[in-house]
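To start, the structure under review is shown below, and the notes come after it.
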Amino acid sequence: MARKIGSRYTAQQVLGRGSAGTVWLGEGPEGPVAIKLLREDLASDQDLVGRFVQERTALLSLDHPRIVGIRDLVVDGTDLALVMDLVRGSDLRSRLERERRLAPEAAVAIAADVADALAAAHAAGVVHRDVKPENVLLDAAAPTGPGGAPPALLTDFGIARLVDSPRRTRATRIIGTPDYLAPEIIEGLPPRASVDIYALATVLYELLAGFTPFGGGHPGAVLRRHVTETVSPIPGAPEGLWQVLAQCLAKAPASRLTAGELGERLRALLPELTGLPPLEVAAPPGAADGDEAARTEEPAPPTAAPRTRRGAVPLVRGAVPDSSRDTHTSIKLPSADELAAYRDSGGHRGPHRHRAVPDAVRRRRLKLAAAATAAVVAAGIGGWAVASGGGDKSTSREDHHPGDTPHSGTPTAPTAGAPSPQGHTGAPAALPHWSGFQDAPRAGVPLVGGPRAIVLSGITYVFARGTDQNVWYLTRDPATGQYGAWQRLSGIHTADDPAVVSARPGQLDLFALGTDHLLYRRTLAEGVWNQWYMVDQRTTFDAAPAAASCEPGRIDLVGRTGGDLVTASLVGDRWNAWAVVPTAGRITAAPGLVSRAPGTLDAFVVRRSDGAVLRLPYAHGAWRPLQVVGALDATGRPEPVYAQGREYLLAPSGGGLAQAVSPQEGADWTVADISQEPGAGGSGAAVTPSGHGLEAWVRTNDGTLSRAVGAP
């Protein structure tokens, strides 16, 4: 339920919870905002409230493009809240968890943005005191910069300084995240601007190497290293870059650069870093998070020493590590123990190998980091719309409500007694006969990837991704054969093919994967497109999602993350949490999704081990056992459609396009190649019903759309 914050703001739904309070998506007089509502014990501290009021002018004065601005301070009864700019993007920690290390150009560009933010804050007399990847936000809605890095913004200015005052903490306790603490703080000196430079240099070191320079082991050992040990050089780092890092990690505060100097030095280094790949850095002993062996299927040698976690650790023995992600775009991650069940359930493979596919596919190693990402998704981490509708204050992440019908919850795995729909019934179905492919009008830019198509109010809409990383779409009237003009949907940069669904008459919902690998949605209603907004700011995807609607008003999504198939649904105005579909096993490529009848779904995936295409039926609130689609091997996304009582499937195979058809659920599939021009359909196809037949759209090698008609 929404709640009022003061007289001007409404908190609508929870985005995240951190050590200092809860962050809400809110609405104010000037539009959407992020509202950081501090804990009740903090809000009841009159001394703390007084300090916030005293600092209000300084906090509101931090107006810089690289600072997440504080718009207002609300003191209302027991509520003490900071109203902040809303950034549409993920934090830097999320990107590190996904990529482990960044290319030097991207890492330096991000650090330079943060240095600019610190320079502005230090000029205003404000020290951040808690610079770390969790407090650096990446603006996915803005154009990317050097190395493809999105603009970086620094958030949570003043929070640590005000909340963690000496009055509120014991004199013997150090406040902060150990990995990023400057030596002078550990030695009891007052924090000055130089502590932010040390922390930012530590962050840049971590972006380049995959681990922090002094992290790992007991927090006391981490603090001791900051004071006594010399930072180890990063192998392969350009000399000029390393000199900047070493100077900013100096033990003596006076030896470090200022924030302005650091920003200038980093930007001057960018030209020589262009095109350099991420550095190949061997993880130090005890760096499980950065250990190469831990990211493959190959076990560590029997003689390997035990590895301990290297990264953020708690300062108090037995406490939870500082992964609470106390920013307004983040939510606390579940523990490894909480996720173990999901990881253990995701490795099913068939009893025999499908027909031969390239050896490179079979040799591809499974990465544990990807499995961890999938487990995070399975735990239902979400943001924006993937939170309880209306902002329920409960700490539960499951979003289940009493009285939910079986179809109103997230699709789940079948129980042991679930009946199998498999079987071999009915005669093989006849395949459609396809006309030759004919070119459609050219878009404003060459197209990449595979298209997606849908029919709405008798008009065919075809969506594709352009080389400019925008989504483009074309309309065609089947009755007259007339095409509309190509339209561009700008606002975000996309990394994969879009997905489209119509859950309500006259409305389209478009889903696109941003270059940050987060999911965005845009809606066409009454002929007008709204703006892009982020569906989920914590769940990252490896490939484009697929969308369908199994009931009026409901949107179902499936996506691939970490090699697992995950699913979520929008029921009414509430998104259910993402959950793993364990029956899918490990998959590759993007999935496909279609609904044959109300309350049913069929997901189509490509099995990683052998390239076989699998159908995963969903009915009566559960995912059912899989079925192999004939002898079809796919190299990309399988695209299904249900028409004339049959299920049709097109999939890229061997550089061309293959088709399959099944007359009913559980029946044998008929599979054959489609004769076409070379290369057409190699990256996927779109297929829609058309009169008494089918209409297929493919992207050709020269970046245009080509269309064919299939007759039964």
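Some points to look at:
- Tally, over the range 123-138, of residues that are in a helix (DSSP H, G or I) and either in contact with an Asp or Glu (Cβ under 7 Å, 6 or more places away or on another chain) or at pLDDT 90 or above (or both): 3
- Among the residues of the range 448-460, those identified as outside any loop (DSSP other than H, G, I, E, B) and surrounded by fewer than 23 Cβ atoms within 10 Å (Cβ to Cβ) are VAL448, GLY449, ILE454, VAL455, LEU456, ILE459, THR460.
- Residue check for VAL558: of a type in the set (Val, Ile, Thr), at pLDDT below 90 and touching a Leu at 6+ places or on another chain (Cβ under 8 Å): no
- Only residues that are more than 21 Å from PRO191 (Cα to Cα) and either surrounded by 17 or more Cβ atoms within 10 Å (Cβ to Cβ) or free of Cβ contacts under 8 Å to residues at least 24 places away in the same chain (or both) were counted in the range 239-263, giving 5.
- Some residue of the range 72-89 being modelled with pLDDT of 85 or more, touching a strand residue (DSSP E or B) at 6+ places or on another chain (Cβ under 8 Å) and not in a loop (DSSP other than H, G, I, E, B): yes
- Under the condition of being out of contact with any Lys or Arg (no Cβ under 9 Å at 6 or more places or on another chain), within 18 Å of VAL641 (Cβ to Cβ) and surrounded by 19 or more Cβ atoms within 10 Å (Cβ to Cβ), the residues counted in the range 466-507 number 2.
- In the range 540-567, the residue that is surrounded by the fewest Cβ atoms within 10 Å (Cβ to Cβ) out of those that are under 23 Å from TYR642 (Cα atoms) and of a type in the set (Ser, Thr, Tyr) is SER549.
- Which numbered condition LEU565 misses (of (1) in a loop (DSSP other than H, G, I, E, B); (2) of a type outside the set (D, E, K, R); (3) without any contact (Cβ under 8 Å) to a residue 60 or more places away in the chain): (1)
- Among the criteria (1) at pLDDT below 75; (2) within 24 Å of THR515 (Cβ to Cβ), the one PRO146 does not fulfil is (1).
This table checks each residue for (1) modelled with pLDDT under 80; (2) in the same structural domain as ARG707 (by TED's automatic domain parsing); (3) of a type in the set (Lys, Arg).
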position: ALA643; (1), (2), (3): no, yes, no
position: ARG646; (1), (2), (3): no, yes, yes
position: GLY655; (1), (2), (3): yes, yes, no
position: VAL661; (1), (2), (3): no, yes, no
position: ASP668; (1), (2), (3): yes, yes, no
position: VAL671; (1), (2), (3): no, yes, no
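Okay, residues lined up against (1) modelled with pLDDT of 95 or more; (2) outside the structural domain of PRO617 (by TED's automatic domain parsing); (3) assigned to a loop (DSSP other than H, G, I, E, B):
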{"residue": "TRP472", "(1), (2), (3)": "yes, no, no"}
{"residue": "ALA479", "(1), (2), (3)": "no, no, yes"}
{"residue": "ASP496", "(1), (2), (3)": "no, no, yes"}
{"residue": "MET534", "(1), (2), (3)": "no, no, no"}
{"residue": "ARG538", "(1), (2), (3)": "no, no, yes"}
{"residue": "ALA544", "(1), (2), (3)": "no, no, yes"}
{"residue": "ALA547", "(1), (2), (3)": "yes, no, no"}
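- Taken together, ARG465, ARG522 contain a single residue that is in the same structural domain as PRO446 (by TED's automatic domain parsing), closer than 27 Å to ASP702 by Cβ and among the basic types (Lys, Arg), which is ARG465.
- In the range 13-29, the residues that are at pLDDT 80 or above and surrounded by fewer than 20 Cβ atoms within 10 Å (Cβ to Cβ): GLU27, GLY28, PRO29
- So ALA282, is it more than 19 Å from ALA111 (Cα to Cα), touching an Asp or Glu at 6+ places or on another chain (Cβ under 8 Å) and at pLDDT below 95: yes
- Of all residues in the range 187-214, those satisfying the criterion of being among the aromatic types (Phe, Trp, Tyr) and not in a loop (DSSP other than H, G, I, E, B) are TYR198, TYR205.
- Condition met for THR78 (surrounded by fewer than 19 Cβ atoms within 10 Å (Cβ to Cβ) and polar (S, T, N, Q)): yes
The values are calculated or read from the model by the stated rules, or taken from the named source; none is laboratory data. Remember, predicted model here, so these are calculated numbers, not experimental data. Note: ideal-geometry Cβ built from the backbone for every residue, glycine included; neighbour counts use all protein chains shown.
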